[in-house]
1. Roughly what would the spin-label model give for A:Lys142 and B:Ala127, points 7 Å off Cα along C-beta, in nm?
2. Mind listing which trypsin sites (Lys or Arg not before Pro) in segment B:323-414 are in a DSSP loop and have 14 or fewer other Cβ atoms within 10 Å?
3. What is the helix-to-structure angle for B:351-374, meaning the angle in degrees between its Cα long axis and the longest Cα principal axis of chain B, kept from 0 to 90 and rounded to the nearest 10?
4. What shape does segment B:292-361 have by the C-alpha gyration tensor, where a ≥ b ≥ c are the square roots of the eigenvalues, rounded means a/c under 1.5, and otherwise prolate means a/b greater than b/c and oblate the rest?
5. Compute the long axis of helix B:244-278 from its Cα atoms, compare it with the longest principal axis of the Cα atoms of chain B, and write down the angle in degrees, 0 to 90, nearest 10.
6. In deg cm²/dmol, rounded to 500, what helix-only [θ] at 222 nm does chain B give when every DSSP H run of at least 4 residues adds -39500 (n - 2.57) and the total is split over its residues?
7. Provide the descending list of Cα extents for segment A:91-200 along its principal axes, expressed in whole angstroms.
8. Suppose each label sits 7 Å from its Cα in the direction of the beta carbon; what would the A:Ser236-B:Phe361 distance come out to in nanometres?
Amino acid sequence: MIRRHLPGLVCLFFSIFLLAQPLCALETAPGVTERTGERVPLDALFTDETGKSVALGALLGKPAILSFAYFSCEDQCNTVLSNLASSLGRMSSAPGDDFLVLTVSFDDEDTRGEAAYKKKNYMSAAGRPMDEGAWKFLTGDKTSIEALTGAIGFGFRKTEKGYDHPAALAVLSADGRIIRYVYGSSYLPADLEMALMEAREGRITASIKKAARFCFSSEPGGRAYLVSVLRVAGLSTLVVVAGLFIYLKGFGRPGKKDKR
Amino acid sequence: MAADNTRGIREGYLASEPGKGFIASWLLTTDHKRIGILYLFSILSFFLVGVVFGLLMRLELISRGPTIMEAHTYNAFFTLHGVIMLFLFIIPVVPSIFGNFLLPIMIGARDVAFPRLNLLSWYFYMAGALLALTTLIIGPADTGWTFYAPYSLRTGSSVSLAVFSVFVLGISSILTGLNFVVTVHRLRAPGMTWFRLPLFVWSLYATAWIQIIATPILGVNLLLVMAERFFGIGVFDPAKGGDPILYQHLFWIYSHPAVYIMVLPAMGAVSEIVPVFARRVIFGYKAIAYSSIGIAAVGSLVWGHHMFVSGFSYTAAVYFSLFTFFVAIPSAIKVYNWVGTLYKGSIVMDTPFYFVLAFIFLFSIGGLSGLILGALSVNVHLHDTYFVVAHFHYIKFGGAGFGMLAALHYWFPKISGRMYNKRVANFALVFLFIGFNTLYFPMFILGYEGMPRRYFDYLPQYVLWQHVSIVGSWILGASIFTMIGNLLVAAFRGAAAPMNPWGARTLEWQVSSPPPKENFETIPEVTRGPYDFREGA
């Protein structure tokens, strides 16, 4: 009976692997849903660190590196911004002249004062003279933020202590198209140069899918069960392996002459 | 050497079995030697596929911007190149081919402990390999060979199948490891004490333990990825309160020891070849044997050095960095002992020995560049650059790969019963060595200058070294195909090989070439060590 259906069952088993698509393509989940080649909303209004209200389209005009942060963040956002600053300092093309850097807060309660403070810090961290307009720190209302993060595919979620969000940059062309994403929280200068070069040439390319990093505002306690599962699995592996070794060394050893 | 001992070439284990068709006699065999040959052909075929992917990736970089493929295709290519070269080639190559063929003969046994399990692990290997190649047809994965979560959880491409194929390959690896451990413990010939074991057997033994202990962790990890993709249980996906860093830990807990699964058996083969061509007992037998175990043990504690920039604690990073430096000690013990063996030896220059010299040179460069990367402060700058690519190609290809080629040229007369054309082999080796260094050394320079890895395009300032590297890839490709062609011709048309062409003392050279079925007419009584070259010994 089973024998007769075996080929069918095997085919069914493998077809599950072929057809299965991930279940977790939720739009609002923290993570990046790539929208390479699409355009960011050029009419979305943001406030820059001087308090001036500007449309995104009016800011662009050069290729741009776009990063997201929220200014009360105590963790990943600072790492992203300081690593970005250090990479900017080591790049051969000049921020401001060849390209722009935009850091947009996705927390609608952030103020321009905080933006100005961050800007002062990170501009000096870059360690190279930069034009005031080279790196903009923008705040905005909920509508503009959602329009922009939605267009980029940047998913974040408010939690008790702040936000859960991924760490990634998007590189935009001068006319506001998404050229590609740069994942992670540290960036090779050459990687950014290349993305900007593609942005200048208007060439849409694929991003390199390396480990995406995330910012957690809390350490979920409910995950303890998993850790114990791993502990049990690891421990039992070791016990079995040690048992095998002891058995082989100590017990049931055939006589040395007894070799068939 | 005694050519009079040469039997007819198609005798021995290669003789056709009465009552069995040709195909059945291979596909249903439980003879460890035939299974070794099955592995030899399948693994080398996949290796050539991997080489072609590598050559095409290099060719893409011949001019800036898309040349022969788009960025997406390039991503798929480096994923496949990685999966094929690591999981289908370099991890199984030495244990599965040479371990299977030689381990029982070297310890004086008729077969491995579980011959049927041995055949089953070949079927698992083939199933896993074919599943991996299926992903090619239905849309290749683009995550790189590491399948990092959470990207691997969300991408629509055929990650499930690729992950499952690696899982199946893992089963094959565990079964082979288990088989070897039991064989070494239970089937040694009378008088074959632990310290009379050839060092190749020691290295296979250490490797087998890593396979048994570390591979299940990869299996659990990949099962969790699949569970997460199908049922959304949220172990690794931060959107569900999971932890992507956990994935990286579990992945590297296996995958770093896997580097030693790759390189230890190759080192074992080198430890066989060096004393034979130096015609003297190996220097520091016990040191080499224990350093295999040492590498296996310390190597299990260094996985974190792949994660220095993943944002885990600096204290942990410091310890992982420290342990990484420690691994260099047993590795260096081996290198010094090999060189020490050559000192005042009566060196016989022959093809396998040239391969070993190339191995020692390239492996040393790979190991030293590993120390540079192991240093925490430097790693932060070189992470994800070509420097890393150059380093692991020197270790994996220059080390494990050249060790495998040395083993292939050393044991080929025993395995096939025929001798290859040594001049062609030497010639191919010289060009392989030149091609290798022309291909990979510029990557150290490019990486130092900041060229990011895994990218199908580059900035104008990198043109020169990229082009040098591409020319190197052509030399390397041509010499690999020459080398394998030379061996294939020899396998069918070569002159009959004598029983012991290199004058070695280990047991496999005391049986005919090719070895008879069941290896020995009577199980030999071992009375001396494996590297005893004294007259009359």
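Only the coordinates and a few stated rules stand behind these numbers; no lab work does. Note that the structure is predicted; figures quoted are calculated from it, not measured. Cβ atoms come from the backbone with ideal geometry, glycine included; neighbour counts cover every protein chain shown.
1. Taking the simple label geometry, A:Lys142 and B:Ala127 are separated by 5.4 nm.
2. Numbers: sites: B:Lys334, B:Lys344, B:Lys396, B:Lys414; in loops: B:Lys344.
Answer in residue order: B:Lys344.
3. The angle comes out near 30 degrees.
4. Numbers: a/c = 4.12, a/b = 2.88, b/c = 1.43.
Prolate, since a/c reaches 1.5 and a/b exceeds b/c.
5. Approximately 30 degrees, to the nearest ten.
6. Numbers: 17 runs with 335 residues, N = 537.
After summing the helix terms and dividing by residue count, I get -21500 deg cm²/dmol.
7. 41, 28, 25
8. Rounded to a tenth, the inter-label distance reads 5.2 nm.
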